[in-house]
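Here the structure comes first, spelled out in structure tokens, and everything after it is commentary.
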Amino acid sequence: MNVKISIAGAEHAAHAARICELINESAKQRGTGIASRAPEYVAQKIRDGKSVIALDVNTGEVVGFSYIETWGHGRFVANSGLIVNPEYRHMGFAYRIKKKIFCLSRKKFPQARIFGITTGLAVMKINSSLGYVPVTFSELTDDEEFWSGCKGCHNYDILQRNSCRMCLCVGMLYDPKKHQSLYQRLIDLIRRHNLRAQKLRFRWWMRYRKMKQKKLRIDN
Ligand SMILES: CC(C)(COP(=O)(O)OP(=O)(O)OC[C@H]1O[C@@H](n2cnc3c(N)ncnc32)[C@H](O)[C@@H]1OP(=O)(O)O)[C@@H](O)C(=O)NCCC(=O)NCCS
């Protein structure tokens, strides 16, 4: 089996219909509602370079797919529409697709928090391996458009009853700030306390000047 996983481009737009078919078929089998995706919407994501596609090189069949959505004016990113063709499941493809779309999201939106809601064990395992942690819905986007995507779900009445604060799905979040290197944290800290840093620099400079003057006096 020869499967190629890549960031989708315009040349892959023709696969949009097949991707939607796979998503709808799997939703029917699971008996869950999903945020419906029109092939044109998926095709646009593909053309925008905001998706990852896995293709069987020998047959040309779609093996899997996932795409990026942004919410709350780009403060939040979700990797949505994860699907693996039933013929190719339990071979690690979801892991590989999720990892690639996660890296793409980090590259395109380095400051954004990456989140997802799911009831699926597979997705929970994959998300955990990428550094996501379970959170309450209060930590996720309050963008109404995101939550209206749950309208197709059987449990939407539960979500509504709880004013989008809780439901049967688990919220998972990757907060880039919690994964920053020590150097990045230091830079952020200095930027945030820019005034204090300037004061410190000024104090050091004064101390240095005094020392220099003292040395001059001794030398003379
Ligand atoms: C969920 C899905 C993407 C998993 O794809 P996959 O390629 O079979 O997953 P992987 O082989 O990469 O396995 C990932 C992990 O999940 C586990 N897993 C896979 N399918 C599972 C299932 N149905 N139930 C429980 N665990 C599952 C695997 O054992 C593996 O765990 P491990 O690391 O402990 O071995 C695929 O079943 C699918 O497309 N389902 C329908 C769509 C869907 O549910 N999308 C997610 C919406 S939130």
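The values are calculated or read from the model by the stated rules, or taken from the named source; none is laboratory data. Since this is a predicted model, take the numbers as computed values, not measurements. No Cβ is skipped: glycine too gets one built from the backbone with ideal geometry, and neighbour counts run over all protein chains shown.
Numerical summary
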quantity: Unmet requirement for ALA38, which otherwise passes all of (1) touching a Gly at 6+ places or on another chain (Cβ under 6 Å); (2) among the aliphatic types (A, V, I, L, M); (3) free of Cβ contacts under 8 Å to residues at least 24 places away in the same chain; calculated: (1)
quantity: Residue within segment 138-154 that is farther than 23 Å from GLN44 by Cβ, crowded, with 17+ Cβ neighbours inside 10 Å, within 15 Å of the ligand (Cβ to nearest atom) and assigned by TED's automatic domain parsing to the domain that holds ALA54 present; calculated: yes
quantity: Boolean, LEU159 is touching a Gly at 6+ places or on another chain (Cβ under 9 Å) and within 16 Å of the ligand (Cβ to nearest atom); calculated: no
quantity: Segment 181-214: number of residues that are basic (Lys, Arg), modelled with pLDDT under 80 and over 27 Å from the mean Cα position of the chain (by Cα); calculated: 2
quantity: Count of segment 42-68 residues which are surrounded by 15 or more Cβ atoms within 10 Å (Cβ to Cβ) and without any contact (Cβ under 8 Å) to a residue 12 or more places away in the chain; calculated: 1
quantity: Close pairs from segment 79-97: first within 8 Å of the ligand (Cβ to nearest atom), partner at pLDDT below 95 and among the β-branched types (Val, Ile, Thr), Cβ under 6 Å, at least 6 apart; calculated: ILE83/ILE23
quantity: Candidates GLY120, GLY116, filtered to the one that is within 16 Å of the ligand (Cβ to nearest atom) and closer than 23 Å to ALA8 by Cα; calculated: GLY116
